[in-house]
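**Student:** I am attaching a structure below and will ask some questions about it afterwards.
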Ligand SMILES: Cc1cc2nc3c(=O)[nH]c(=O)nc-3n(C[C@H](O)[C@H](O)[C@H](O)COP(=O)(O)OP(=O)(O)OC[C@H]3O[C@@H](n4cnc5c(N)ncnc54)[C@H](O)[C@@H]3O)c2cc1C
């Protein structure tokens, strides 16, 4: 092969990244900032799940849902407003506009970082090489970042009125009756949107409670709030089957109960995208589809790392960003601190919102034996009363030790998770936080009040 021919088929980079979602592009950007030569292989659109079919579109839908509720509830605040209807073409245009602006920005950043974007489906052919449409791209390091995709249940075929989040977020109509299979984060967020848009919603969850990964107190409050909003749920019940006839889906539960709906949303979790990509053949350990790594995100094959949803743990965009940045810095020899899932904040954007960081009461009990908890009721918080929301801030501390978990539920509580994260991450004692003055009247004040109470000097605490 002539030198010319070789240069068109082979290129060597410092880092070759397979997958341009949150984990992959964060790694690419940071590596480029550190002066490394980067190739980023993406078969779909730069930005991946989060930007195109995940975080951003769902949060746009949730915002439209909030606007619908505000229009409906104006009277409560002395404002005469009437809710007419939800125009899905308008909702989709707004949502797609948000995505398009962010996508354009992201493409601009990739260009500014001089990253070579390679379009196409890539495959790992050995520890240093990714092949895309016959082109071999070689790197001193390879980062696997192929993300996740919706799962279904055995025998439950996606199609027609049986959908995953990907189809449900592009609907051009509001289904009158929806069954949501799965009461985890994605399930309760969609249930919340559909209800606000006017659908009758039933959630079916095999586990005994909604948002089962959260502290039990959060599940109880969410269930109460959903009941009040007219969102039905069946927990501790297994799905058996679903059949479609015309535009109707009939869902059968274990025990024989049936529910008729116009749409079945399957939200039973997301599985890793790793099959057929050459990972195992290259020596990478793959366990039930996930890539096994050590805490430095090394796969066991020298120079091959994995980031984001393919690494077992929290499936969150900001975890992907953090993984990507970590690996870029590791490759550049900066010896960054590993990313610990426990310190990663979690927000579920349904109404009411859920925000948490650190250990639940049960997890802390297991880890430390004796723990102390305090639940500050938002009833005592001025801003929450103004907004008309209910909920609480729950603190979990190691007995006579630092705060190890913060769990919050109520309107807009997601915005409070930043301070909660600092408290848990810096292992603050209640007394440390009680000494910080929180602005009044904000919902953020509820975090301050909870710590005041746990430090033995409650101010607006009613329990
Ligand atoms: C409905 C929904 C709502 C969500 N909401 C939130 C939220 O509010 N907050 C939050 O933090 N997280 C949220 N998430 C999760 C978040 O989207 C993911 O955690 C995040 O996208 C994971 O990033 P990743 O880079 O690991 O994978 P992905 O974003 O899935 O990116 C992987 C990329 O790799 C590409 N790829 C795969 N195989 C190949 C191949 N062979 N060759 C080339 N390219 C390939 C894919 O096209 C994709 O672009 C949500 C997810 C969903 C589905």
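The values are calculated or read from the model by the stated rules, or taken from the named source; none is laboratory data. Computed from a predicted model, the values in this text were never measured in an experiment. Don't worry about glycine lacking a Cβ; one is built from the backbone with ideal geometry, like all the others, and counts go over all protein chains shown.
**Student:** Could you check how many residues of the stretch 396-421 are in contact with a helix residue (DSSP H, G or I) (Cβ under 8 Å, 6 or more places away or on another chain) and under 11 Å from residue 345 (Cβ atoms)?
**Tutor:** Of the residues in that region, 6 qualify.
**Student:** Go through the stretch 265-287 and give me each residue that's more than 21 Å from the chain's Cα centre (by Cα) and over 16 Å from residue 125 (Cα atoms).
**Tutor:** Listed by number, the list holds a single entry, 287.
**Student:** Restricting attention to the stretch 434-451, which residues are within 23 Å of residue 352 (Cβ to Cβ) and out of contact with any strand residue (DSSP E or B) (no Cβ under 8 Å at 6 or more places or on another chain)?
**Tutor:** 438, 439, 440, 441, 442, 444, 445, 448
**Student:** Let me ask something else. Which one of the conditions (1) over 21 Å from residue 189 (Cβ atoms); (2) within 13 Å of the ligand (Cβ to nearest atom); (3) in contact (Cβ under 8 Å) with a residue 40 or more places away in the chain does residue 56 fail to meet, given that it meets all the rest?
**Tutor:** Here residue 56 meets the rest and fails (1).
**Student:** Within the group 64, 68, 112, 127, which residue is modelled with pLDDT of 95 or more, touching a helix residue (DSSP H, G or I) at 6+ places or on another chain (Cβ under 7 Å) and more than 30 Å from residue 246 (Cα to Cα)?
**Tutor:** After ruling out the rest, the residue left standing is 127.
**Student:** Restricting the search to the stretch 276-312, which residues are closer than 29 Å to residue 207 by Cβ and near the ligand (Cβ under 10 Å from one of its atoms)?
**Tutor:** Of everything in the stretch 276-312, those that are closer than 29 Å to residue 207 by Cβ and near the ligand (Cβ under 10 Å from one of its atoms) turn out to be 306, 307, 308, 309, 310, 311.
**Student:** Which of the residues that make up the stretch 21-46 are part of a loop (DSSP other than H, G, I, E, B) and either without any contact (Cβ under 8 Å) to a residue 60 or more places away in the chain or more than 9 Å from the ligand (Cβ to nearest atom) (or both)?
**Tutor:** Within the stretch 21-46, 34, 35, 36, 37, 44, 45 meet the criteria.
**Student:** For the stretch 185-205, indicate whether the set of residues that are assigned to a loop (DSSP other than H, G, I, E, B) and loosely packed, with under 14 Cβ neighbours inside 10 Å is non-empty.
**Tutor:** There is no residue in the stretch 185-205 that is assigned to a loop (DSSP other than H, G, I, E, B) and loosely packed, with under 14 Cβ neighbours inside 10 Å.
**Student:** Another one. All but one of (1) surrounded by fewer than 22 Cβ atoms within 10 Å (Cβ to Cβ); (2) part of a helix (DSSP H, G or I); (3) touching a helix residue (DSSP H, G or I) at 6+ places or on another chain (Cβ under 7 Å) hold for residue 80, so report the exception by its number.
**Tutor:** The failed condition is (2).
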